[in-house]
Amino acid sequence: MTSKVKTSRYLRGQALVVIESLLLLLVVGIFLTTRYLQMMIPDVILIVCIFAITVVGTCSVTFWSMRNHISKGWRFALRHYKLCLSVRRALLDAAYYVPRQFFGTAVAQLPKIKLTFTDNYQRGMLLVENRVKYAQRLDTAQLSSALRRYVVERSYLSDDENYYCFELFDSRLERRLEFRSLDELLSYNAQVGDLELFIDKFTVIPLHHTLIVGQTGSGKTYGVYSFLLQMLIKPVQYQLYLADPKGSSLSILGDMIAPDCTAEDVDDIVALLREFNDVMDKRKADLKAKLATKLEASYSDFGFNPYVFIFDEYASFQSVVQAMDKKHRDEVNKLISQIVLQGRQLGFFLFIVMQKSDSTSLPTMIRDNLPLKIVLGNAEQQTYVTAFGTGVEIPSRDFRKGEGVYTFPGIANTPKLCAFSYLNFDINAAFRAKRGLCNNPRSSKGA
Ligand SMILES: Nc1ncnc2c1ncn2[C@@H]1O[C@H](COP(=O)(O)OP(=O)(O)OP(=O)(O)O)[C@@H](O)[C@H]1O
Ligand SMILES: [Mg+2]
């Protein structure tokens, strides 16, 4: 039989229980002795015992209440207690402690734990003290079974490296939004800024260059529909350019909403990229004049509209470009790089959608300059590495369609969960209602 090492808190608790029990026995003993044996025991002994029981009991309850933040309510305190107890047990089982002596007995000193809940207990933050003395690194796997209904969304070391931070969320919680009509989407969108896009209940991201990666059928294009609909219903007019080299659903939608800015043929796509860059150059000149008055400003500060170039199946476009002569290849690379490098301040954004973001189809320089990176579905480890870099932990989940992880500087520096909305209405009809929003027709198509 293995004897498990105990914590000093556990021993203190046991000692208190023993003291309380002994005092209670004493009180009962005094009562029975005076009643049945007719022996006179001074009242003061009884009073002292009852007083001691009350003091010990009150102190125990007060310490418990303070430790579990009763000021935030009973519900919070109970949940806090249960979860902390469970985590402490897991840390003990994982031998994540420092051995100490407590009145001559070997005890385990567990790391300090801080736990907070937000969003009506839907989310939480668990901080576990980090010390050099803890021989091993604390990883998510050691804790996951202890967190009851909560799962770790992301884990990282605090800036001062004193705590492991675990962002928790209730696994029963549906983070995905479902819209039954365009109007529902419209009213939800009203809570989000004009230059922001939402992904799910907890994820709102500023408009920026974006990479969406995932295996076939993981929900990339469907995610783009959700972004496109948001852009179309914003009070600010988004100028949309759509490239779909496979000529599938996105180009059909493009023909509905922005026929003059939609291309599927590689030459047309390159022409569209050229045009996007030309408009960007013009914006650059316009903005330069204004920037003289306000150096750190960007397009939106001067009332300019955002331009978004959405590129589905980027790898299949690149495979054709790679077969072209060097002059053409260089031109395409330059067009893409310019948008990525100069677009943010000018209000020109690139959304790249592809199955794998390896460096053959997406040069590292471009990938590194796409701040919002989303990987959908159960991707291979290599896909996560190319998107987010090495050494990042991906929350282990069985991702459904449209679910995945994302990073965005300042909002999710390490991969965080996300789930694109379920558009439970006639998507085609919704887009048809928004047709004709591109107002700079290309002569080739406009003729
Ligand atoms: N967020 C979502 N909610 C509900 N259903 C979804 C969601 N995302 C995807 N789906 C379903 O999965 C199907 C496939 O999605 P989608 O066409 O977007 O995949 P994809 O990643 O673009 O695949 P491919 O690489 O082959 O183009 C959709 O037609 C839709 O029925
Ligand atoms: Mg697709």
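Structural remarks
- Fewest-first ranking of Ser71, Ser357, using other Cβ atoms within 10 Å as the exposure measure: Ser71, Ser357
- Coupling constants for the range 16-27 follow from the phi torsions by the Karplus curve (6.51 cos²θ - 1.76 cosθ + 1.60, θ = phi - 60°), and in residue order they are 4, 4, 5, 4, 4, 5, 4, 4, 4, 4, 4, 4 Hz; glycine and proline get x.
- Stretchable slack from Val61 to Ala292, in nm (0.36 nm times residue separation minus alpha-carbon distance): 76.7 nm
- Within the straight-line cut-off of under 20 Å between alpha carbons, the aspartates and glutamates reachable from Lys327 are Asp265, Asp267, Asp268, Glu275, Asp278, sequence neighbours fewer than 8 places apart in one chain being disregarded.
- For the residues Gly223, Gly389, Gly303, a GNM of the chain with alpha-carbon springs under 10 Å puts the largest fluctuation on Gly303.
- Using a Gaussian network model of the chain in which every pair of alpha carbons under 10 angstrom is joined by a spring, one finds that among Ala323, Ala271, Ala94 the greatest mean-square fluctuation is at Ala323.
- Ordered by the count of other Cβ atoms within 10 Å of each Cβ, fewest first, Thr210, Thr58 give Thr58, Thr210.
- On Cα atoms only, tilt of 266-291 relative to the major axis of the chain in degrees: 70 degrees
- Cα gyration tensor shape of the range 1-135, rounded if a/c is under 1.5, else prolate or oblate by comparing a/b with b/c: oblate
- In angstrom, the C-alpha Rg and Dmax of the range 218-306 are 15.4, 46.
- Here the Karplus curve 6.51 cos²θ - 1.76 cosθ + 1.60, taken at θ = phi - 60°, turns the phi angles of the range 305-321 into couplings of 7, x, 10, 10, 10, 9, 10, 7, 6, 4, 5, 6, 5, 5, 5, 6, 4 Hz, with x standing for Gly and Pro.
- Computed from the Cβ-Cβ distance with R0 of 51 Å, the FRET efficiency linking Lys6 to Asp330 stands at 0.15.
- Modelled FRET efficiency - R0 56 Å, Ser181 with Thr54, Cβ distances, 0.05 increments: 0.35
- Sorted by Cβ density within 10 Å, fewest first, the residues Ile427, Ile366, Ile19, Ile310: Ile19, Ile427, Ile366, Ile310
- What you get for the chain, charging only the Cβ of Lys and Arg (+1) and of Asp and Glu (-1), is a dipole of about 1760 debye around the Cα centre.
- Dipole in debye (nearest 20) - the range 43-126, about Cα centre, beta carbon charges: Lys, Arg +1; Asp, Glu -1: 420 debye
- Applying 0.36 nm per residue to the separation of Ala285 and Arg172 and subtracting their alpha-carbon distance, the gain on full extension is 35.5 nm.
- Using 0.36 nm per residue and subtracting the Cα-Cα separation, the extra length available between Thr364 and Asp119 on full extension is 84.4 nm.
- Mean residue ellipticity at 222 nm, helices only, the chain: -13500 deg cm²/dmol; runs of at least 4 DSSP H residues each add -39,500 (n - 2.57), and the sum is divided by the number of residues.
- Calculated from backbone phi, Karplus (6.51, -1.76, 1.60) coupling profile of the range 91-102 in Hz, x at Gly/Pro: 5, 5, 4, 7, 6, 9, 7, 10, x, 9, 10, 10
- For the range 70-173: span of alpha carbons on each principal axis (Å, largest first): 44, 28, 25
- Spatially proximal lysines relative to Lys282 (Cα-Cα < 20 Å; intrachain offsets below 8 disregarded): Lys290, Lys294, Lys334
- Distance (nanometres) between label positions extended 7 Å along Cα→Cβ at Arg100 and Ser249: 5.8 nm
- Stokes-Einstein, applied to the Kirkwood radius of the range 323-440 over Cα pairs at a viscosity of 0.692 mPa s and 37 °C, places its translational diffusion at 196 µm² s⁻¹.
- Candidate cross-link partners of Lys72 among the aspartates and glutamates, defined by an alpha-carbon separation under 15 Å and a same-chain spacing of 8 or more, comprise Asp119.
- For the range 307-382, convex hull volume per residue from C-alpha positions, Å³: 96 Å³
- Efficiency of FRET from Cβ geometry, Arg400 and Tyr156, R₀ 25 Å, rounded to 0.05: 0.50
- Antiparallel content of DSSP bridges confined to the chain, in %, to 5: 60 percent
- Principal axis dimensions, largest first and in whole angstrom, of the chain by Cα: 116, 47, 44
None of the figures in this text is laboratory data; all of them are computed from the coordinates on show. Being a predicted model, the structure only gives us computed values, none of them experimental. No Cβ is skipped: glycine too gets one built from the backbone with ideal geometry, and neighbour counts run over all protein chains shown.
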